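Data first, discussion second: the structure below is written as structure tokens.
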Amino acid sequence: MSTAALITLVRSGGNQLRRRVLLSSRLLQDDRQVTSTCNSSTSEPRCSRFDPDGSGRPATWDSFGIWDNRIDEPILLPPSIKYGKPIPKISLENVGCASQIGKRKENEDRFDFAQLTDEVLYFAVYDGHGGPAAADFCHTHMEKCITDLLPKEKNLETVLTLAFLAIDKAFSSHARLSADATLLTSGTTATVALLRDGIELVVASVGDSRAILCRKGKPMKLTIDHTPERKDEKERIKKCGGFVAWNSLGQPHVNGRLAMTRSIGDLDLKTSGVIAEPETKRIKLHHADDSFLVLTTDGINFMVNSQEICDFVNQCHDPNEAAHAVTEQAIQYGTEDNSTAVVVPFGAWGKYKNSEINFSFSRSFTSSGRWA
């Protein structure tokens, strides 16, 4: 697509009706121009660059790399020119979020999303343990820490790695200066996503909160849980002098205390190999195929698998309804933990709706301690 045509297309992005009118008029103009230069013949295919296969079907937003969906968003002009295809603006107003306490005495989950710069959006979930202090610290300071790093470093994976380590160090200083000794055993997972130019998605994570991208209706895992069951993680714990012990339910814990091998905080376990350095992943979005990003805490992950999360979200009209549906489904399946979900819609929102979803009521009963 030429730059001039792209700019014209992008500037029409505020209203879907105007988009369709513009595309239709361009198709008609293009066909008239091409027809005048081609020999008229009923046996020859139509010569239009908007209809290369001669099928007679009009061009759609799929042709340009974005699906005409139920969430009407304008098109980002500079990134669209930079990448050579229309890229929708992701509005924070359309981001869905929900957090439920479950059967815990306190909700130690935290979540956040914000626009850091004109180009970069921020989304995060934090699942605290040993009290909410570490999760609160991340919720309060992570956004600013990343914002301060962005002008100094272009690589977003590096930005997130430096931010995680800086926040962990700052929390350590805060805890050691505090009179509250419980801060030394407070920790949190952290799963943070940055979206630049509406197309470059980078995720960093420590612990067992997760990030999933729904592509063509199927889940794409962007994070891997940091548990003592992972061979590489267990080897690091042992090399640093820590040990892995299994509880009565057969669940492995670092030094018999922590069910994860990476976290922010947990200062008493730093010398035993529990680190705050995240694993990161970068991916380029395809808005014609990618429906949404969802960040979840383990209150959901231990009860609902990735495909079920995609299916539940795809049934919902808007992301806020979807976030509540996911957390409520985890509760119906018997979770007792805090449950938090953040749903970020992309270009293919609503495209892969599945009318057939099987709800496992038997699993709901067996998963709950009341029915064990």
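Phi angles across segment 189-201 convert, under the Karplus curve 6.51 cos²θ - 1.76 cosθ + 1.60 with θ = phi - 60°, into 3J(HN,Hα) values of 6, 8, 10, 10, 10, 10, 10, 10, 6, x, 9, 9, 10 Hz, Gly and Pro given as x. For MET220, nonlocal amide neighbours, meaning residues 5 or more places apart or on other chains whose placed amide H falls under 5 Å from its own, are LEU213, CYS214, ARG215. Placing dummy labels 7 Å off each Cα toward the beta-carbon, the span from CYS240 to HIS141 is 1.9 nm. The HN-Hα couplings worked out from phi for segment 330-345 by the Karplus form 6.51 cos²θ - 1.76 cosθ + 1.60 (θ = phi - 60°) are 4, 5, 5, 7, x, 5, 10, 8, 4, 10, 9, 9, 10, 10, 10, x Hz, whole numbers, x standing for Gly and Pro. Panel order for HIS317, HIS226, by other beta carbons found within 10 Å of each beta carbon, from fewest to most: HIS317, HIS226.
Note on THR182 and GLN315: with the Förster distance fixed at 41 Å, the Cβ-Cβ geometry gives a FRET efficiency of about 0.50. Between THR158 and LYS353, the contour length at 0.36 nm per residue exceeds the Cα-Cα span by 66.6 nm. Are any of the pairs LYS231/LYS270; LYS82/LYS284; LYS103/LYS144; LYS85/LYS216; LYS85/LYS154 more than 25 Å apart by Cα-Cα distance, and if so, which? Over 25 Å apart, Cα to Cα: LYS103/LYS144. Computed from the C-beta positions of GLU119 and SER91, the FRET efficiency with R₀ = 22 Å rounds to 0.90. Put simply, when 155-167, 204-216 are sorted by average Cβ atoms within 10 angstrom per residue, most first, you get 204-216, 155-167.
Within segment 84-136, the GluC sites (Glu not before Pro) that combine a DSSP coil assignment with at most 10 other C-beta atoms in a 10 angstrom radius are GLU106.
The numbers here are math on the coordinates, done by the rules we state, and not lab data. Computed from a prediction, not measured in an experiment: that's the story for all the values here. So basically every Cβ, Gly included, is an ideal-geometry build from the backbone, and we count neighbours across all protein chains shown.
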